[in-house]
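Below is the structure I would like to discuss, written out as structure tokens.
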Number of protein chains: 2
Amino acid sequence: MEEIGGMIFEGAWAFLKRQYSTIGWLSIIVAVVVGALVGLLGGQRGIEGITAFGIGWRTGVAFMAGALCSAVSGFVGMIIAVKANARCASASQHSLKEAVDVALRGGAVPGFLIVALSLLGVTAIYFAYGGANTPQIAPHLIVGFGFGASFVALFAQLGGGIYTKAADMGADLVGKVEAGIPEDDPRNAAVIADLVGDNVGDCAGRGADLFESTAAENIGAMILGIVIYAITGNVAWILFPLVVRAFGLIASMIGILCVRIRGDENPMNALNRGFYVAIGLSIIGMVVTVAVMLPIEGSRWGWLALAGAGIVGILTSIIIVFITQYYTDARFRPVRSIAEASKTGPATNIVTGISVGFETTLATAVVIGVALLLSYWLGTMTGLPGAGAFGTAVATMGMLMTCPYILSEDTFGPITDNANGINQMAGAGEKIRRITDRLDAVGNTTKALTKGYAMVSAGLAAFLLFQAYLDRVAFFRGVAVFNDVNLARVEVFVGALLAVMLVFLFSSLAIRAVSSTASKIIEEVRRQFREFPGILTGKTRPDYARAVDITARASLRGMILPGLLPVVAPVVIGVVFKPFANYDSAMVVAALLMVGTIAGIMMASFMNNGGGAWDNAKKYIEDGQLKDENGKPIGKGSFTHAAAVVGDTVGDPFKDTAGPSLHVLVKLLSTITLVMCPLFI
Amino acid sequence: MEEIGGMIFEGAWAFLKRQYSTIGWLSIIVAVVVGALVGLLGGQRGIEGITAFGIGWRTGVAFMAGALCSAVSGFVGMIIAVKANARCASASQHSLKEAVDVALRGGAVPGFLIVALSLLGVTAIYFAYGGANTPQIAPHLIVGFGFGASFVALFAQLGGGIYTKAADMGADLVGKVEAGIPEDDPRNAAVIADLVGDNVGDCAGRGADLFESTAAENIGAMILGIVIYAITGNVAWILFPLVVRAFGLIASMIGILCVRIRGDENPMNALNRGFYVAIGLSIIGMVVTVAVMLPIEGSRWGWLALAGAGIVGILTSIIIVFITQYYTDARFRPVRSIAEASKTGPATNIVTGISVGFETTLATAVVIGVALLLSYWLGTMTGLPGAGAFGTAVATMGMLMTCPYILSEDTFGPITDNANGINQMAGAGEKIRRITDRLDAVGNTTKALTKGYAMVSAGLAAFLLFQAYLDRVAFFRGVAVFNDVNLARVEVFVGALLAVMLVFLFSSLAIRAVSSTASKIIEEVRRQFREFPGILTGKTRPDYARAVDITARASLRGMILPGLLPVVAPVVIGVVFKPFANYDSAMVVAALLMVGTIAGIMMASFMNNGGGAWDNAKKYIEDGQLKDENGKPIGKGSFTHAAAVVGDTVGDPFKDTAGPSLHVLVKLLSTITLVMCPLFI
């Protein structure tokens, strides 16, 4: 066990070192370019004692701070997870309860670290840049922090996502399909790369992703708070997001400590109980914070409306958990229909899976739409100008209060997945394997939930970040309000068209990177099988390290192009469209941002849920639950199972590379346009 | 040959009879409902001597007229095509030249009929509703005509598309994959259904689709023309679209007559030469019409700008031909990369195909974006208010001038496809089969071109129809101008979100209908193989009629849900959102329309081109052009070929059901919102 754990750690470490040195160089270049552009070209308008150049360098420094925090989040998360998995495997020899404890608490370390770091980072930069003395300016300067965080998050998620799924696809195709050996079989040279991938993709990538979410949303809400601060003169409106986040941290912590498995129950139930505790405490924390911090003059019960908006956000996080389960759990129609379609081969499996994935956009869109309308409406109830958007901000804060809990559950996934893999490779006994197998299935669910959660919170936050963008444009234009993104103008319409295209193109590049990396792995494993026939008979040990190395190099090369696209495209479009828009393309960029966000979330919904459904349709068949005409179970090795494996393989890059990267893309679009907006005016 | 042709005719006839009786009933219901809603609830505001009730019944009558013309277009197109295919098969026994002549002129009958009918229909209703006496009102009344046309087109395209692809998928999966018999093999019970499908899907469906395009765009341009008429007092601005369309008809007719094959050349070259003739004549016709009809007071050369916009449109149609070829022709990288990916199995084939399909949105979006910006800019050069949008209208007109030619090429596709199938079934000699095989490949290309053309013209026309919508809203609000669709408002943003979702959901339903219909066919063919073992040995003739019947019933059932979605959704959203939008949801509906159009076009680009690329990647392998490591061709029957067949099968419902239906959806959204707009105000 220790040997295997060691190999995984080594591979992951080598990959991350390389990945982060690439990202580091890119970040430094971008920091300098952004600082220079904003300082020299964009911010002709100095603000209250800060020169344009001053805005530039402060933005650059904030960018580097955000990038660094994001990188640390990913790195530490991954290391803890890798260390925890061998321990989880070992704990599984004792009992299910112990294994769950190790996995969940292992997951909690990065989960809490990430949220705490984002809170500290934003707060520190806020005060470093003047804090309460210049409350109208500091939040505008720290948008660089959010941009740095999302920049690193995008590359971490993309690089890790490409790595993990290329390794998975490669290992599956050449192992299960071609050579006919089981998953995680030690004879497969790509198996260590596959296990490494779970850590670098799911932990490091998602860690950076959610770090970025929490940071960007804090900043967005703070910028909105400025508008209300300008009226009420109460600085609490700006600091409110930071306080709510702190309460969320405490609620989640208590929730985690409440997780206790009773007897032989489904571990998912215990996790859900903990989640409900966190939800309950969050609601209390939200109501108290709003009541204390946000009194509304002349309206005794106005704060209740804002508290209501917060509760809408918190409830949204529960609803999305149910929806994700409906679409990705084999108890329900969607997954079963995919399994059923596999009977007529891979083509019908794929067509049905795509159709299910497309269908999921309905629930996602309705949930986001209702939450937005409701919280906006509650916000306007307060009677304060601009409070409608602040209502959606409070809802977003509410939704993200349980973020540390969700993140802990998320890291629980790869830890148990790896523990299961280690047990399999180490040849642990049947009983122990059954424990980690069960945990692995639970981990699949929690991973899917996190994606649904990340997606919907991105949707809510998006509207918040638009408002922040509009306020920032007004600020740089020197006008009181900018609140018009008119799709009926031809250049704005074309901007929206390009936004949807960008989402498709980005997905194309991300998926292509996975398949081209996977084909390199397949070639390598085939070569090893061919050149060392002893591998298949179990006499020779395959060269795991070489497979790990090839995967790392190919996936790092693959992440560059899709990673740069969302960074470069908004800037290029913003600059190129200036002549078509009276030399002020802020509105075109706003359309790009808004419609791009919508398309990104819908596409992510398709990819995440579709991929999850394909995966579990395969598991459903493997569990022997699908029956043929005579009522006999159709299991592994059948024509139907082979078809389901094809679907699972297609779904892999969807749900673990393109889908999660799209969340980051959506938020990167927001932060880059926030930072670069002086350029468009 | 005659026997087979007869069976195809019979099957197609039976299907169409059933399909159109369903559509007929639906149309009557919708006509009454629409007339009543608009008359009683919506148009409280009577217009210049016409009561609200008068608007209602006139809209209803126009709807029925549009529906009828659309149905006739589809019906006649299909009948001519079915009659032409046996003749084409017989002509192929003489020479390639003769076969091309028969197929192209067969295709020209519906091609010209459709365009002529739309021209006549719009003109007739325009004059029946007052014509030049009430030029400000008549175009508003005939939007019902466009709605009727798109309503029928959607169901025709959906029903036909589901039929054709379910039959194709079913026949392929059970024949080629399971039983290992070649395509169009007479032992396959679904083979006649497959051939019937080519006619009812590609001819009847696309005929109704493009009838609708030309009609809706005429109306949109006429409504825009009203604005300029109001300033210039020259009624020519309203009638201009009809005259240009007539010129296009003549240009295309001459183009068709110029098609002559030289020796043994690729028939595609001859078709292209004819197309260039049509293009050249269209440019002349456009310049002359603009010069004569649209003089601009005070600006001697202002008409040149409008002529320039027209030429932009005409050139766009050539560019799109090249782009479609790049993505769907095996001479270029995309198709080859899919073929290459098939070597590692169906999963990599699918992933690569999806990635190629996503990539195609780049070219589509850029072409539409550039054409829109350029023609809008040229329009504003004239200095007339509202002429920017009129510039894009002229460009759309320009693009659609060659529509009859493109339509003839399109119907050429199924005719040659069928001729090839008939030759195969009738056991014609190798030499004759080679001729129809070549023509079939050309037909695949022309079919793909038509889809690209329909898609981009839908994109250009969309912007035109938005303007018409905005003008109509202003008209019913009783204000001079309504020109603001503000995405920064929360309810408008949610409308845009729902629009993208609608596109995904519609695609999901359309695809699902195909796969559920296909599974019924597969069961039937399997049953016949099982119960009559003589079929596979060639002793017993399979029961073709039963397979045809099952397909027809299942596909008609399948078309209802996806067909009603885009009809019901905009109305429901428009009404439900009223309380959130100060009881005037016109802006929300506008966002739904605009963003839905963008998403629809991007999704259609993915589906049409991706599907075409998969198809031709399979053909590329079948032609033996893909080589293995040792340079030996990998042909039919290999693992790689089987993988490519999976991709082709997945692509089928994309490119022939969901993709083309999305064009109609886009235009249906425009026409339904145009008709229903009194309801939202």
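Rule-based calculations on the coordinates, nothing more; no lab input. On a predicted model such as this, the values are computed, not experimentally measured, just so you know. Positions of Cβ are generated from backbone atoms using ideal geometry, with glycine treated the same way; all protein chains shown enter the neighbour counts.
Using the Kirkwood radius over Cα pairs, work out the Stokes-Einstein diffusion coefficient for the range A:358-501 at 4 °C and 1.567 mPa s, in µm²/s as a whole number. List each step's numbers first, then the result.
Numbers: Rh = 18.7 Å.
The diffusion coefficient I find is 69 µm²/s.
Based on alpha-carbon atoms only, what is the radius of gyration of the range A:236-305 relative to the globular estimate 2.2 N^0.38 Å? Let's see the in-between values first.
On the way: Rg = 16.0 Å, N = 70, 2.2 N^0.38 = 11.1 Å.
Against the empirical 2.2 N^0.38 Å value, I get 1.45 for the range A:236-305.
Exactly which trypsin sites (Lys or Arg not before Pro) in the range A:314-365 are in a DSSP loop and have at most 13 other Cβ atoms within 10 Å? Could you put the intermediate results ahead of the total?
Details: sites: A:ARG331, A:ARG336, A:LYS343; in loops: A:ARG331.
Within the range A:314-365, the qualifying trypsin sites (Lys or Arg not before Pro) (loop, at most 13 other Cβ atoms within 10 Å) are A:ARG331.
At 10 °C and 1.306 mPa s, what whole-number value in µm²/s does Stokes-Einstein give for the translational diffusion of the range B:276-345, with Rh from the Kirkwood sum over Cα pairs?
Working: Rh = 15.0 Å.
The calculation lands on 106 µm²/s.
Could you tally the net charge around A:PHE15, taking each other residue with its Cβ under 11 Å from the Cβ of A:PHE15, Lys/Arg +1 and Asp/Glu -1?
Values: positive: A:LYS17, A:ARG18, A:ARG553; negative: A:GLU10, A:ASP549.
The answer is +1.
Continuing with this model, one more query. Could you list A:VAL243, B:VAL152, B:VAL481 so that the one with the fewest beta carbons within 10 Å of its beta carbon is first and the one with the most is last?
On the way: A:VAL243 17, B:VAL152 31, B:VAL481 13.
Neighbour counts put them in this order, fewest first: B:VAL481, A:VAL243, B:VAL152.
Averaged over every viewing direction, what's the projected area of the C-alpha convex hull for the range A:188-259? Give it in nm², one decimal, please. Spell out each step's value before the answer.
Working: hull surface 26.9 nm².
Taking a quarter of the hull surface, the average projection is 6.7 nm².
Further question on the same structure: Using only helices, what value at 222 nm comes out for the protein assembly as shown when you add -39,500 (n - 2.57) per DSSP H run of length 4 or more and divide by the total residues, to the nearest 500 deg cm²/dmol?
Values: 42 runs with 1067 residues, N = 1362.
About -28000 deg cm²/dmol.
Running Debye on the protein assembly as shown with equal point scatterers at the Cα sites and no solvent, what base-10 log of I(q)/I(0) appears at q = 0.06, 0.07 Å⁻¹?
At q = 0.06, 0.07 Å⁻¹ the computed log10 ratios are -0.52, -0.71.
Given Cα positions, please report Rg to Rh for chain B, the hydrodynamic radius being the Kirkwood one.
Values: Rg = 24.5 Å, Rh = 25.0 Å.
Radius of gyration relative to Kirkwood radius: 0.98.
Still on this model: Go ahead and run the numbers for FRET between A:LEU40 and A:TYR583, Cβ-Cβ distance against an R0 of 25 Å, rounding to 0.05. Spell out each step's value before the answer.
Numbers: r = 18 Å, r/R0 = 0.71.
Working from the Cβ atoms, E equals 0.90.
Under 19 Å from a label point 7 Å along Cα→Cβ of A:SER299: give me every residue in the range B:569-611 with its amide N that close.
B:580-582
Going by how many other Cβ atoms sit within 10 Å of their own, how do A:LYS97, B:LYS667, B:LYS176 line up, fewest first?
Values: A:LYS97 17, B:LYS667 32, B:LYS176 21.
So the residues, fewest neighbours to most, are A:LYS97, B:LYS176, B:LYS667.
Then there is this: Using the beta-carbon distance between A:GLU629 and A:ARG541 and R0 = 35 Å, what value does 1/(1 + (r/R0)^6) give for FRET efficiency, to the nearest 0.05? Please list the in-between numbers first.
On the way: r = 45 Å, r/R0 = 1.27.
Calculated value: 0.20.
Tell me, how many Å apart are the Cα centres for the range B:608-669 and for the range B:319-391?
One Cα centre to the other: 18 Å.
Would any residue of the range B:253-290 have its amide N under 16 Å from a label point 7 Å out along Cα→Cβ of B:LYS431? List them or say none.
Residues passing the 16 Å test: B:264.
For q values of 0.13 Å⁻¹, compute log₁₀ I(q)/I(0) with the Debye formula on a Cα-only model of the range A:309-396, without solvent.
-0.55
Which one, A:MET455, A:TYR126, A:PRO570, is farthest towards the positive end of the dipole of chain A when Lys and Arg carry +1 and Asp and Glu -1 on their Cβ?
Most positive-ward Cα: A:TYR126.
Given 37 °C and 0.692 mPa s, how large is the Stokes-Einstein diffusion coefficient of the range B:533-681 in µm²/s, with Rh as the Kirkwood radius over Cα pairs? Write out the running numbers ahead of the final one.
Numbers: Rh = 19.2 Å.
The calculation lands on 171 µm²/s.
Treating the point 7 Å from Cα along Cα-beta-carbon as the label, what are the nm separations from A:GLN625 to the other copies, to one decimal?
Its label point is 4.5 nm from the equivalent points in the other copies.
Do any trypsin sites (Lys or Arg not before Pro) in the range A:219-314 lie in a loop, going by DSSP, with at most 16 other beta-carbon atoms within 10 Å of their beta carbon, and if so which? The partial results should precede the final answer.
Details: sites: A:ARG245, A:ARG260, A:ARG262, A:ARG273, A:ARG300; in loops: A:ARG260, A:ARG262, A:ARG300.
Filter output for the range A:219-314: A:ARG260, A:ARG262, A:ARG300.
For the range A:500-615, treating each Cα as an identical point scatterer without solvent, what Debye log10 I(q)/I(0) comes out at q = 0.10, 0.15, 0.17 1/Å?
Here log10 of I(q) over I(0) equals -0.51, -0.82, -0.93.
Give the range of the longest stretch in chain A that excludes all chymotrypsin sites (Phe, Trp or Tyr not before Pro) found in loop regions by DSSP and having at most 15 other beta-carbon atoms within 10 Å.
A:1-300
Next question, about the same structure. Taking K and R as +1 and D and E as -1, what net charge do the other residues with C-beta under 10 Å from the C-beta of A:ARG546 add up to?
Numbers: positive: A:ARG527; negative: A:GLU524, A:ASP543, A:ASP549.
With Lys, Arg at +1 and Asp, Glu at -1, the neighbours total -2.
Among A:LYS17, B:LYS431, A:LYS618, which comes first, second and so on when ranked by fewest other beta-carbon atoms within 10 Å? Write down the numbers at each step before the final one.
On the way: A:LYS17 12, B:LYS431 9, A:LYS618 26.
Ranked by crowding around the Cβ, least crowded first: B:LYS431, A:LYS17, A:LYS618.
Please give the average number of partner chain Cβ atoms lying within 10 Å of the Cβ of each residue in B:644-657, rounded to a whole number. Present the calculation step by step, with values, prior to reporting the outcome.
On the way: counts 0, 3, 8, 3, 1, 6, 9, 2, 2, 4, 2, 0, 0, 0.
For peptide B:644-657, the averaged partner shielding equals 3.
In nanometres, what is the gap between the two model label sites at A:ASP101 and A:ARG527, each 7 Å from Cα along Cα-to-Cβ?
Rounded to a tenth, the inter-label distance reads 4.8 nm.
Same structure, new question: Multiply the residue separation of A:ARG333 and A:ARG18 by 0.36 nm, subtract the distance between their alpha-carbon atoms, and state the gained length in nm to one decimal.
On the way: separation 315, 0.36 × 315 = 113.40 nm, distance 4.34 nm.
In short, 109.1 nm is gained.
Tell me, what does the Kirkwood hydrodynamic radius of the range A:197-329 come to in angstroms if you use every pair of distinct C-alpha atoms?
Working: mean 1/r = 0.0588 Å⁻¹.
After inverting the mean inverse Cα-Cα distance, the result is 17.0 Å.
What percent of all Cα-Cα pairs in the range A:77-124 falls in each 5 Å bin, counting up from 0?
5, 22, 23, 16, 13, 9, 6, 4, 2
I've got another one for you. Under the Kirkwood approximation for Rh and a Cα-based Rg, what ratio Rg/Rh is obtained for the range A:350-419?
Details: Rg = 17.7 Å, Rh = 14.9 Å.
Reported Rg/Rh (Cα atoms, Kirkwood Rh): 1.19.
Then there is this: Can you check what the net charge comes to around A:PHE112, using other residues whose Cβ is under 15 Å from the Cβ of A:PHE112 (Lys, Arg +1; Asp, Glu -1)?
On the way: positive: A:ARG105, A:ARG206, A:ARG245; negative: A:GLU409, A:ASP410.
It works out to a net charge of +1.
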